[in-house]
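Inspection log for the structure reproduced underneath, given as structure tokens.
The values are calculated or read from the model by the stated rules, or taken from the named source; none is laboratory data. Worth saying up front: this structure is predicted, and the values here are computed from it rather than measured. Methodologically, a virtual Cβ is constructed for each residue, glycine included, from the backbone with ideal geometry; neighbour enumeration extends over all protein chains shown.
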Amino acid sequence: MANLKDIQRQIKSVSNTQKTTRAMKLVSTAKLRRAEELAKRSRLYAQKMNQVIAEIAGRIKCNKVGGLDNRCFAKIENPKMVDIIFVTADKGLCGGFNIQTIKAVNKLLKEYKEQNVKVRLRGVGKKGIEFFNYNEVEMLDTVVGLSSKPDKVKSDEFIQTSIEDFIDGKIDGLHIVYNGYKNMITQELHVNKVLPVDSDAFDCSDAQSKSMLEVEAEDEEKMLDSLINKYVGYNMYYSLIDSVAAEHSARMQAMDTATNNAKEMVKSLNVQFNKARQAAITTELIEIISGVESMK
């Protein structure tokens, strides 16, 4: 039977852990509310931007002889090199949040390796960076702190290299991989091919009949060129916002589970403590009775 003091020490230790996990859950819940609201507003903006780009690109594709000649909308059948940008958290204690993103990146790396396509890996977030460094996977560049505190300027600076290299023909594709927010209990993995933009979905009839934009035909290509940078840049920024909301959601769940587990463990240790104390009292009574009997 375990020593009573050892069991008391364990109960105290687990109770302290329970207080910590409960506090972390409350902090994540508060942060999630703010991040969730920002993610919802950002999602609406991203959707509207996608609609505008699709409409302008659709007009050019349908009305111009030869269609779209912008490389950002070109079909690249045999890519030679692509960029993969992953977003993970800077901190742990959030269940399988980071490992899901890492697994998706590894799967993508394997697929491109089988196709003999070179990959430039670019990382955001300490946990993912540490994983790939430990496994000696080469990365083009990394940034820590951006995933926990999304910043539009820093986000644009980070992705600008990939945009310029794609336009210059140095790379043939750009993917952003991250774990996004779906609801308070669910995260959703995203493997988004940002460049080139898929132009197959552009519908000529929609572009002409449902248009809400008043843009001169000669200005459409200039507008498209200026919008594509904003489109890709905002995709990067939105992935950071969506990821941080999902991170708080995952950590809230993980800390809730840890708190409940600690509570159950305290109950189990209390039962163990009571049994040990009862056994100790019984032993003492037997010793006293045996002593009295021996004195008769």
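Among the residues of segment 165-182, which ones are more than 12 Å from the chain's Cα centre (by Cα) and surrounded by 14 or more Cβ atoms within 10 Å (Cβ to Cβ)? Before the answer, list the steps.
Taking segment 165-182 first, the residues more than 12 Å from the chain's Cα centre (by Cα) are 165-175.
Of everything in segment 165-182, those that are more than 12 Å from the chain's Cα centre (by Cα) and surrounded by 14 or more Cβ atoms within 10 Å (Cβ to Cβ) turn out to be Asp165, Phe166, Ile167, Lys170, Ile171, Asp172, Gly173, Leu174, His175.
Residues in segment 235-242: is at least one touching a Pro at 6+ places or on another chain (Cβ under 6 Å) and buried (at least 19 other Cβ atoms within 10 Å of the Cβ)?
The initial filter retains those residues of segment 235-242 that are touching a Pro at 6+ places or on another chain (Cβ under 6 Å), namely 240-241.
Among the residues that remain, those that are also buried (at least 19 other Cβ atoms within 10 Å of the Cβ) are: 240-241.
Yes, the conditions are met somewhere in segment 235-242.
Here are some residues: Leu213, Leu227. Which one is part of a helix (DSSP H, G or I), at pLDDT below 90 and out of contact with any Pro (no Cβ under 6 Å at 6 or more places or on another chain)? Don't jump to the end; show me each part of the working.
Numbers: Leu213 fails: part of a helix (DSSP H, G or I).
Answer to the selection: Leu227.
In the list Lys127, Lys113, which residue meets the criterion of being assigned to a helix (DSSP H, G or I) and surrounded by fewer than 13 Cβ atoms within 10 Å (Cβ to Cβ)?
Working: Lys127 fails: surrounded by fewer than 13 Cβ atoms within 10 Å (Cβ to Cβ).
After applying the criteria, what remains is Lys113.
If I filter segment 170-183 for residues that are at pLDDT 90 or above, of a type in the set (Lys, Arg) and in contact with a Cys (Cβ under 8 Å, 6 or more places away or on another chain), do I get at least one hit?
Within segment 170-183, none of the residues are at pLDDT 90 or above, of a type in the set (Lys, Arg) and in contact with a Cys (Cβ under 8 Å, 6 or more places away or on another chain).
Residues being in contact with a His (Cβ under 7 Å, 6 or more places away or on another chain) and farther than 22 Å from Lys263 by Cα: count how many of those fall in segment 18-34.
Taking segment 18-34 first, the residues in contact with a His (Cβ under 7 Å, 6 or more places away or on another chain) are 28, 31-32.
With farther than 22 Å from Lys263 by Cα added as a condition, the list becomes 31-32.
Residues flagged as in contact with a His (Cβ under 7 Å, 6 or more places away or on another chain) and farther than 22 Å from Lys263 by Cα within segment 18-34 amount to 2.
Does Leu108 satisfy the condition of being crowded, with 16+ Cβ neighbours inside 10 Å and either touching a residue at least 40 places away in the same chain (Cβ under 8 Å) or within 20 Å of Glu36 (Cβ to Cβ) (or both)?
Values: crowded, with 16+ Cβ neighbours inside 10 Å: yes; either touching a residue at least 40 places away in the same chain (Cβ under 8 Å) or within 20 Å of Glu36 (Cβ to Cβ) (or both): yes.
The answer is yes for Leu108.
If the Cβ limit is 8 Å and pairs must be 6+ apart or interchain, which residue in segment 245-256 that is surrounded by fewer than 24 Cβ atoms within 10 Å (Cβ to Cβ) pairs with which residue that is not in a helix (DSSP H, G or I)?
These pairs meet every condition: Met252/Met184; Gln253/Gly95; Gln253/Ile185; Ala254/Leu93; Ala254/Cys94; Ala254/Gly95; Met255/Leu93.
Just to be sure I understand, how many residues within segment 130-164 are surrounded by fewer than 20 Cβ atoms within 10 Å (Cβ to Cβ) and touching an Asp or Glu at 6+ places or on another chain (Cβ under 7 Å)?
Count: 3.
With respect to Val197, is the statement that it is of a type in the set (A, V, I, L, M) and at pLDDT 70 or above true? Walk me through it before giving the result.
Values: of a type in the set (A, V, I, L, M): yes; at pLDDT 70 or above: yes.
It is true that Val197 is of a type in the set (A, V, I, L, M) and at pLDDT 70 or above.
Just give me the residues in segment 130-164 being assigned to a helix (DSSP H, G or I), of a type in the set (Val, Ile, Thr) and over 19 Å from the mean Cα position of the chain (by Cα), in sequence order. Don't jump to the end; show me each part of the working.
Of the residues in segment 130-164, the ones assigned to a helix (DSSP H, G or I) are 130-134, 152-164.
Adding the requirement that they be of a type in the set (Val, Ile, Thr) leaves 153, 159, 161, 163.
Correct list: Val153, Thr161, Ile163.
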